[in-house]
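First the structure, in the form of structure tokens, and then the observations on it.
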Amino acid sequence: MRAKIETIIRHTFINNLDKDSVVVDLGANKGDFSKGVAEKAGCSRIILVEGNPGLARELESSFRGQGHFSVVSAVMGGQARAHVSFYLSGSPGSSSLRESFTGPDLKREIKTKMITLKDIFSMFGLVKIDLLKMDVEGAEWDVFEKFSKEDFDRIEQITVEFHDFKDPSSRRRTEGAIDKMKGLGYCFVNKTSGYRFKAPYKDCLFYKRGYRLLVLTRSLRDLADAVLRDIFKLPFWVFNRLNPGRRRPNPDKK
């Protein structure tokens, strides 16, 4: 199939996938990203890793009998450990190794297993990962700090949400991770221009050089779309400035 840029659940990736591709979904939550990838690409092997035991059980039930899905109940980190503290949130997708990341919705602390990228390769006998999605509520920094040249050789692309919008003091760790991954040979693109605390790293993609033209073309198209939207809004802005008492409706609102 012809490669193209796709976005599923705020994770952008290069869809050059096919039935033989391997996708690993770290921080799978309810499995929506994995389901979307399966529908779009028909991948024969999708591995979902989820640290919240309740969500992991739901995933196992949801995907039972579908042989191309595998579920692992564990948290991701920089080193394998039999027992680590994991903080469950009332908002299941916000459960984290960091208590402060769960916010006011903290339910309780549990002990669970931590695994690494190396463990994923060995557990499933993988040679290559075609797409690695990472939304692990602050554990991404530890994963990237341990990321090796061997990992680069075996992982084609990574779509990741960095969580420095929950802790602005972690911005240096995010930018350090980006610099490291570029040094290993990945190209980098960031789709999000701003978020909470003006964090610009919410939807990031590391990819290999062969797709630079494709990503550049998509970036230019997105920029052109943004410019056209602003041009369309201009007459409304001018009218409202000249007629403050007679405001015309915002064209973005129905």
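The values are calculated or read from the model by the stated rules, or taken from the named source; none is laboratory data. Model, not experiment: these values are computed from the prediction. Every residue, glycine among them, receives a Cβ derived from its backbone with ideal geometry; neighbour counts consider all protein chains shown.
Things worth noting here:
Let's see how each residue does on (1) in contact with a strand residue (DSSP E or B) (Cβ under 7 Å, 6 or more places away or on another chain); (2) surrounded by 16 or more Cβ atoms within 10 Å (Cβ to Cβ); (3) farther than 19 Å from His11 by Cα:
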| position | (1), (2), (3) |
| --- | --- |
| Ala41 | yes, yes, no |
| Val49 | yes, yes, no |
| Val71 | yes, yes, yes |
| Gly78 | no, yes, yes |
| Pro92 | no, yes, no |
| Glu99 | yes, no, yes |
| Arg108 | yes, no, yes |
| Lys113 | yes, yes, yes |
| Ser122 | no, no, yes |
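- Test for Lys166: is it assigned by TED's automatic domain parsing to the domain that holds Val22, of a type in the set (Lys, Arg) and within 18 Å of the chain's Cα centre (by Cα): yes
- Condition met for Phe86 (in the same structural domain as Asp164 (by TED's automatic domain parsing), of a type in the set (Phe, Trp, Tyr) and outside any helix (DSSP H, G or I)): yes
- The residue list Ser21, Ser44 contains one member that is at negative phi and in contact with a Cys (Cβ under 8 Å, 6 or more places away or on another chain), which is Ser21.
- Number of positions in the range 52-74 that are within 24 Å of Arg154 (Cβ to Cβ) and either outside the structural domain of Arg108 (by TED's automatic domain parsing) or out of contact with any Ser or Thr (no Cβ under 6 Å at 6 or more places or on another chain) (or both): 7
- Residue among Glu60, Glu137 that is among the charged types (D, E, K, R) and at positive phi: Glu137
- Every condition in (1) within 18 Å of Glu161 (Cβ to Cβ); (2) touching a residue at least 40 places away in the same chain (Cβ under 8 Å) holds for Val72 except the one numbered (1).
Per-residue answers, yes or no, for (1) modelled with pLDDT of 95 or more; (2) part of a loop (DSSP other than H, G, I, E, B):
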residue: Val127; (1), (2): yes, yes
residue: Val136; (1), (2): yes, yes
residue: Phe152; (1), (2): yes, no
residue: Ile158; (1), (2): yes, no
residue: Ser170; (1), (2): no, no
residue: Arg173; (1), (2): yes, no
residue: Ala177; (1), (2): yes, no
residue: Gly183; (1), (2): yes, no
